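Worksheet: one structure, shown below.
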Amino acid sequence: MTNLSKDWEDINKKLDKASSKYEDFIKNDDFKQFVVWPINFNSYIMHNEIILMLSLMDIGNDDILEIGGCFGNFCRCLHDRVKVKSYTILDTKSMLRFSKSFLDHYDILCNFVSDDNYKSLFDRKFGLLVANVCLSEMPREYSDDLLDNLLPNCNSVFIIDSKKEILSNWLEEKIRKNFMYVCFSDIPNQLSTQKNHRVYTGVKVPRTEEGRFRLDLEVEEQCV
């Protein structure tokens with residue numbers, strides 16, 4: 001089973017040649033081609049998406065797993081907002097070089113797992129699983145294996161990805177199977193540049209009575 005699409009194989013070949021030093025890669029043209037840039041605008045988008053996530057679920061002192069963490073900016077921005085018990089990023093070896101360098105620059109502790117060792121995560125429990133526009137870029141066999149083995153051990157999930165029908169139906173089915181309270185909605189245009197994308201969220205057990213996700217119907221109506 002391959003873990004990379006053809007597009008990402010080509011991207012990784014370019015990134016393997018780039019320096020992973022923070023002061024180098026943030027200026028690299030190949031790097032800038034596939035991320036929202038410049039970095040201050042990327043941070044603005046990440047903070048908006050985190051605000052959206054926190055409006056939908058209660059997050060606090062969790063073990064968090066992010067699939068496809070890119071260069072680590074979602075992780076950095078989330079640390080600005082909430083207390084994190086532990087943070088793990090699953091990504092390709094090429095991308096982990098950059099996220100390690102980036103998060104070290106900001107003195108943020110993080111665990112890094114390469115895609116060729118992804119099954120080591122299957123026996124771990126996480127309070128939150130995050131995936132930001134990466135599942136649609138993976139071979140379906142790989143993403144199937146990931147979600148089928150990770151979601152049962154996660155209390156909540158927050159995914160942003162394409163709203164194409166075939167992907168949307170697949171993601172909704174996975175989340176409904178594993179979570180009691182779910183919410184699927186087109187992402188508000190004012191919050192992100194990722195138009196034509198949806199937010200897919202689910203929670204198994206709300207933390208507080210006044211917390212979100214008390215009624216499936218109520219939440220879906222709020223999210224439309």
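Scanning the range 34-58 for residues that are in contact with a helix residue (DSSP H, G or I) (Cβ under 7 Å, 6 or more places away or on another chain) and among the β-branched types (Val, Ile, Thr) yields 35, 36, 50. Checked against the criterion of being modelled with pLDDT of 95 or more and surrounded by 17 or more Cβ atoms within 10 Å (Cβ to Cβ), the candidates 122, 112 yield just one match: 112. Against the conditions (1) of a type in the set (Asp, Glu); (2) modelled with pLDDT under 90; (3) over 24 Å from residue 44 (Cα atoms), residue 186 satisfies every one except (3). Inside the range 44-89, residues that are assigned to a helix (DSSP H, G or I) and either of a type in the set (A, V, I, L, M, F, W, C) or touching a Cys at 6+ places or on another chain (Cβ under 6 Å) (or both) make up a count of 13. So, residue 101, is that one at pLDDT below 95 and more than 14 Å from the chain's Cα centre (by Cα) or not? When the stated conditions are applied, residue 101 passes them.
How many residues are in contact with a helix residue (DSSP H, G or I) (Cβ under 7 Å, 6 or more places away or on another chain) and outside any helix (DSSP H, G or I) if we restrict to the range 24-33? Of the residues in the range 24-33, 1 are in contact with a helix residue (DSSP H, G or I) (Cβ under 7 Å, 6 or more places away or on another chain) and outside any helix (DSSP H, G or I).
Screening 88, 92 for residues that are within 27 Å of residue 32 (Cβ to Cβ) and modelled with pLDDT under 95 leaves exactly one candidate, 92.
Here is a check on your reading of the model: is residue 148 under 14 Å from residue 171 (Cα atoms), without any contact (Cβ under 8 Å) to a residue 12 or more places away in the chain and surrounded by fewer than 18 Cβ atoms within 10 Å (Cβ to Cβ)? Considered against the rule, which asks whether it is under 14 Å from residue 171 (Cα atoms), without any contact (Cβ under 8 Å) to a residue 12 or more places away in the chain and surrounded by fewer than 18 Cβ atoms within 10 Å (Cβ to Cβ), residue 148 comes out as no. Can you find a residue in the range 90-106 that is out of contact with any Ser or Thr (no Cβ under 7 Å at 6 or more places or on another chain), of a type in the set (Gly, Ala, Ser), touching a residue at least 12 places away in the same chain (Cβ under 8 Å) and part of a helix (DSSP H, G or I)? Scanning the range 90-106 turns up at least one residue that is out of contact with any Ser or Thr (no Cβ under 7 Å at 6 or more places or on another chain), of a type in the set (Gly, Ala, Ser), touching a residue at least 12 places away in the same chain (Cβ under 8 Å) and part of a helix (DSSP H, G or I).
Apart from one condition, residue 87 fits all of (1) in contact with a Ser or Thr (Cβ under 9 Å, 6 or more places away or on another chain); (2) surrounded by 19 or more Cβ atoms within 10 Å (Cβ to Cβ); the exception is (1).
The set of residues in the range 147-164 that are over 15 Å from residue 133 (Cα atoms) and in a helix (DSSP H, G or I) comprises 148, 149, 150, 151, 152, 153. Inside the range 171-186, residues that are in a helix (DSSP H, G or I) and either within 13 Å of residue 204 (Cβ to Cβ) or in contact (Cβ under 8 Å) with a residue 24 or more places away in the chain (or both) make up a count of 7.
Scanning the range 61-72 for residues that are surrounded by fewer than 22 Cβ atoms within 10 Å (Cβ to Cβ), at pLDDT 90 or above and over 18 Å from residue 150 (Cα atoms) yields a count of 0.
Kindly indicate the residue of the range 1-60 that is of a type in the set (D, E, K, R) and at pLDDT 80 or above and also surrounded by the fewest Cβ atoms within 10 Å (Cβ to Cβ) among those meeting that condition. Once the filter is applied, the top-ranked residue is 21. Within the range 109-131, the set of residues being of a type in the set (A, V, I, L, M), under 15 Å from residue 91 (Cβ atoms) and part of a strand (DSSP E or B) comprises 113, 129, 130, 131.
The values are calculated or read from the model by the stated rules, or taken from the named source; none is laboratory data. Quick caveat: nothing in here was measured; it's all calculated off a predicted structure. Heads up, the Cβs are rebuilt from the backbone with ideal geometry, glycines too, and the neighbour counts pull from every protein chain shown.
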